[in-house]
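Chemist: The structure's right below; bear with me while I get my questions together.
What follows draws every value from the coordinates through simple rules; no lab data is involved. Since we're looking at a predicted model, the values are computed, not measured. Note: ideal-geometry Cβ built from the backbone for every residue, glycine included; neighbour counts use all protein chains shown.
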Amino acid sequence: MKSSTVFFMFELKNCVENVPSSLLVQDLVIKVIKMRDVNVVKLTLCETCLYTKPSTMLFMFEFKHCVQNVYSELYSEYTHIVNENFKYFVTFLGENCIIDKCDAVYFLRKIYNKKSNIECEIIVYALDNIINSVKKCTFYC
């Protein structure tokens, strides 16, 4: 078990023993509260709350390895999709001798899959990288 998980479990146990206290993990607020004289863990994120027993929270950590495996599979799948789309955009621009940023935006907006959030994000966030890659590659114009 990673040290961050052990630390979190320690903090959760500490919260249960020392009501009231809370723990902040990025935007997620974890707070132990009393409900009918029983300690309950309250998870709050974006104005949505979930109440659970402390033992349930600790039990969920036993599945941490499953979550990591699924995350790793999804991460590698999306990384592959991003790489393929990036290469496609570089190849398209290079074969059409397009290295001007405004021209690149114009043509990429015409060819990208409008239903793909990934392709849209690549154009928005990686346009400079795409153009730089086109300039580095050897295309015969």
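Chemist: Can you list residues from other chains, or at least 5 along the same chain, whose modelled amide H is less than 5 Å from the amide H of Ile98?
Modeler: none
Chemist: For Tyr112, list long-range residues whose amide hydrogen, built 1.01 Å from N in the peptide plane, is under 5 Å from its own amide hydrogen.
Modeler: Those lying under 5 Å, H to H, from Tyr112: there are none.
Chemist: Give the Cα extents of region 40-141 along the principal axes, in whole Å, largest first.
Modeler: Between the extreme Cα coordinates on each principal axis of region 40-141 lie 66, 28, 21 Å.
Chemist: Then there's this: Taking a 19 Å limit on the Cα-Cα distance, which of the listed pairs Lys115/Lys135; Lys87/Lys135; Lys87/Lys136; Lys115/Lys136 fall beyond it?
Modeler: Among Lys115/Lys135; Lys87/Lys135; Lys87/Lys136; Lys115/Lys136, the Cα-Cα distance tops 19 Å for Lys115/Lys135; Lys115/Lys136.
Chemist: May I ask you to evaluate 6.51 cos²θ - 1.76 cosθ + 1.60, the Karplus curve with θ = phi - 60°, for each residue of region 84-90 and list the ³J(HN,Hα) values in order in whole Hz, giving x for glycine and proline?
Modeler: Running phi through 6.51 cos²θ - 1.76 cosθ + 1.60 with θ = phi - 60° gives 5, 5, 4, 4, 4, 5, 4 Hz.
Chemist: Taking a virtual spin label 7 Å from the Cα of His80 along the C-beta vector, which residues in region 107-128 bring their backbone nitrogen under 18 Å of it?
Modeler: Flagged as within label range: 118-119.
Chemist: Okay, moving on. Using θ = phi - 60° and the Karplus form 6.51 cos²θ - 1.76 cosθ + 1.60, what ³J(HN,Hα) does each residue of region 76-81 get, whole Hz, x for Gly and Pro?
Modeler: 5, 5, 5, 4, 4, 4
Chemist: Read phi for every residue in region 35-45 and hand back ³J(HN,Hα) as whole Hz from Karplus 6.51 cos²θ - 1.76 cosθ + 1.60, θ = phi - 60°, with x for Gly and Pro.
Modeler: Computed from phi, the couplings for region 35-45 are 9, 6, 6, 10, 5, 9, 8, 10, 9, 10, 8 Hz.
Chemist: Which of the peptides 106-114, 130-138 is most tightly packed, and how do the rest follow, judged by the mean count of other Cβ atoms within 10 Å per residue?
Modeler: Sorting 106-114, 130-138 by mean packing, highest first, produces 130-138, 106-114.
Chemist: Counting other beta carbons within 10 Å of each Cβ, put Tyr51, Tyr88 in order, fewest first.
Modeler: Tyr51, Tyr88
Chemist: Of Leu74, Val134, Cys102, which is farthest along the charge dipole of region 72-136 in the positive direction, counting Lys and Arg as +1 and Asp and Glu as -1 at C-beta?
Modeler: The one lying farthest along the dipole's positive direction is Cys102.
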